[in-house]
1. Arranged by the count of other C-beta atoms within 10 angstrom, fewest first, what order do B:Met17, A:Met126 take?
2. In terms of Cα to Cα distance under 23 Å, which lysines are near enough to B:Lys20, apart from those fewer than 8 places away along the same chain?
3. Tabulate in residue order the Karplus-calculated ³J(HN,Hα) for the range A:2-19, using 6.51 cos²θ - 1.76 cosθ + 1.60 with θ = phi - 60°, rounded to whole Hz; enter x for Gly and Pro.
4. Taking every Cα atom in the range B:1-43, find the radius of gyration and the maximum pairwise distance Dmax, and write them in Å.
5. Between Rg and the Kirkwood Rh of the range A:113-190, both from Cα atoms, what is the Rg to Rh ratio?
6. According to a simple spin-label model (label point 7 Å from Cα along Cα-to-Cβ), what is the distance in nm between B:Leu19 and B:Asn48?
7. What is the packing order of peptides A:6-14, A:58-66, taking the mean over residues of other C-beta atoms within 10 Å and listing the highest first?
8. How many angstrom lie between the Cα centre of the range B:7-36 and the Cα centre of the range A:22-72?
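Derivation of every value follows stated rules applied to the coordinates shown; laboratory data play no part. Given the structure is predicted, the values throughout are model-derived calculations rather than measurements. For neighbour counting, all protein chains shown are included, and Cβ atoms are generated from backbone atoms with ideal geometry for every residue, glycine included.
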Amino acid sequence: MRHITSEGLIDYVDGKVSEREKLAVEDHLMACKDCSELKQELQSLVSRLREDASFEPPTELVQWGVNLFQPVRRPEPGGLPKFIASLVFDTFDQPMFAGMRRVGTPPRQLLFRAGAVDIDVKIEAMEANDRITLVGQVLSGTTKFFDNTPVKLESHGMVRYRTQTNVVGEFSFDEVPKDTYHLSVDLPEGQITLFCVHRANS
Amino acid sequence: MSASKYKSYTDPELVSMCLKGDGDAWEALIKRYRRLIYSIPVRFGFENADAADVFQAVCLKLLEHLHQVKDDRRISAWIVTTTTRQCLHLRGLKTRETTSEEELQEPEDPAINLEELRLVTEQQQTIRDAVEELGERCRVLIGLLYFDSTTPSYDRISEQIHIPVASIGPTRARCLDKLRTMLRRRGFR
């Protein structure tokens, strides 16, 4: 028995055959186990490929993800080395206690770590005016405090707000518009960048 | 160097490059996994805005956790777990229902089982990875035939990949055969 070529089977699967060819393929598939299995395999592959198209995110969303890297991507010539801090704790990832109902949006607390430096960040939403307050503290593994350390909030590749830490390493950005911010702390060892997000649902 | 040249790099290689400040490596990583990330909230039945929210959250988490995933050969598994958690969390926030960890184990749609979701999304990623490893002509042809929502005509495909219209069918068959063979080698049926 002469088998149907892969091309013939794919045409059949894609519906690119005439009625007469279709009947001939179906007759052959009834009698040929090999071709029938190959047809199943090709059909499954083609349908998975087609299905995948429905999972394509909008281009601007992908670009948003790509742009997240911008502050690290463009180090200033001769500037400080840059480090991305790891997120070690986020209340957003913690499940609510059983039986608890959420009333309003609770503050989000995050802890970032870069080497021996911890950066504690709390983000609180102001429901009334669609703004957030972001407070934090830069802490060292030693007893040292990072006072008078420049702290910046960047979004869309630009520095939006600047402040400095106080004597115990605390800093605050009050009532800034909701956005996704890159928070940078300029330490003598280098610049630490963290990524703080405030989504509508967080 | 454009991000397309990064396609041959493994995930750990890309992550190492990202950690050294290489933005093109990050772009390649996001583009490699964009459909995997987005497919999960879509399968959960979220609307576009919520699916976008999950996508953004996962991109951020990936960036924040680059240090932890740098030695991980299977970032896809990390992405599936993280995205699924994010979907469950978002659903919990949206419904504002009382939830314990156990109660958040199943998606709202009873037709979706989490283990099945993990299997399906990982299989889908295996196919995407295999497509990426095909030669350029096959990759572009499969993209035009099966991923392009505008369903381009054979004439347009012919112009784009510089092969005669009559060769599109046989080329497509060869490309799908190659893809099938690659997937079989990876134990995919």
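1. If I rank by nearby Cβ atoms, fewest first, I get A:Met126, B:Met17.
2. Those lysines meeting the cut-off are A:Lys82, A:Lys152, B:Lys5, B:Lys7, B:Lys31, B:Lys61, B:Lys70.
3. Whole-Hz 3J(HN,Hα) from phi for the range A:2-19: 8, 6, 7, 6, 4, 4, x, 5, 5, 4, 5, 4, 7, x, 9, 10, 6, 4.
4. 11.2, 35
5. 0.99
6. 3.8 nm
7. Taking the mean over residues of other Cβ atoms within 10 Å, the ranking is A:6-14, A:58-66.
8. 24 Å
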